[in-house]
1. Taking residue 68 as the residue in question, decide whether it is surrounded by 11 or more Cβ atoms within 10 Å (Cβ to Cβ) and touching a residue at least 60 places away in the same chain (Cβ under 8 Å).
2. Would you call residue 41 more than 28 Å from residue 103 (Cα to Cα), buried (at least 17 other Cβ atoms within 10 Å of the Cβ) and among the aliphatic types (A, V, I, L, M)?
3. Which of the residues that make up segment 4-45 are among the acidic types (Asp, Glu) and without any contact (Cβ under 8 Å) to a residue 40 or more places away in the chain?
4. Being farther than 20 Å from residue 106 by Cα, at pLDDT below 90 and not hydroxyl-bearing (Ser, Thr, Tyr) narrows it down to one of 2, 59, 47, so name that one.
5. For segment 85-99, indicate whether the set of residues that are within 16 Å of the chain's Cα centre (by Cα) and under 18 Å from residue 4 (Cα atoms) is non-empty.
6. So in segment 79-110, with the set limited to residues that are in contact (Cβ under 8 Å) with a residue 40 or more places away in the chain and either touching a helix residue (DSSP H, G or I) at 6+ places or on another chain (Cβ under 7 Å) or polar (S, T, N, Q) (or both), which one is farthest from residue 61 (Cα to Cα)?
7. Being modelled with pLDDT of 95 or more and of a type in the set (A, V, I, L, M) is the filter here; which residues of segment 73-95 pass it?
Amino acid sequence: MRDRGGTGEQIAAAWLHDAVEDGVLSREQLAAALPQRVEDLVDAMTRRPREGAESGARRVPATPGARLVKEADLAHHADPDRLALLDEPTRGRFSATYATLRRLLRPATG
């Protein structure tokens, strides 16, 4: 995030959204401890239970600054060295998902 020009709030959200998704922190804990801006970014980034990746990605552009956080997150997950550790079917599935998510995050033109 820092390399992409992210703010301190965006960097915090990049770290914290995984903690919420993994159940390490609750949204309530974040709300009690963090500024509203960080909470909003984390909320935009965090997938809900039983929510598909595409559905969650559609929420990101509505929150100012969240797109940069999500793009950095996707770049991390789509790193070729990281994907090379996976078996071919999993690598192909993840790569297709990441490509779809990048497409959904592109600003609308027209």
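1. On the way: surrounded by 11 or more Cβ atoms within 10 Å (Cβ to Cβ): yes; touching a residue at least 60 places away in the same chain (Cβ under 8 Å): yes.
For residue 68, the condition - surrounded by 11 or more Cβ atoms within 10 Å (Cβ to Cβ) and touching a residue at least 60 places away in the same chain (Cβ under 8 Å) - is met.
2. Working: more than 28 Å from residue 103 (Cα to Cα): no; buried (at least 17 other Cβ atoms within 10 Å of the Cβ): yes; among the aliphatic types (A, V, I, L, M): yes.
Spelling it out, it is not the case that residue 41 is more than 28 Å from residue 103 (Cα to Cα), buried (at least 17 other Cβ atoms within 10 Å of the Cβ) and among the aliphatic types (A, V, I, L, M).
3. We begin by selecting, within segment 4-45, every residue among the acidic types (Asp, Glu); these are 9, 18, 21-22, 28, 39-40, 43.
Result: 18, 21, 22, 28, 39, 40, 43.
4. 2
5. No, the conditions are met nowhere in segment 85-99.
6. Our first condition is that a residue be in contact (Cβ under 8 Å) with a residue 40 or more places away in the chain; within segment 79-110, this holds for 97, 100-101, 104-105, 107.
Subset that is either touching a helix residue (DSSP H, G or I) at 6+ places or on another chain (Cβ under 7 Å) or polar (S, T, N, Q) (or both): 97, 100-101, 104-105.
Values: 97: 18, 100: 15, 101: 12, 104: 9, 105: 7 Å.
Top of the filtered list is 97.
7. Within segment 73-95, 83, 84, 85, 86 meet the criteria.
The values are calculated or read from the model by the stated rules, or taken from the named source; none is laboratory data. Because the structure is predicted, anything quoted here is derived from the model rather than measured. All Cβ positions, even for glycine, are placed from backbone atoms using ideal geometry, and neighbour counts span all protein chains on display.
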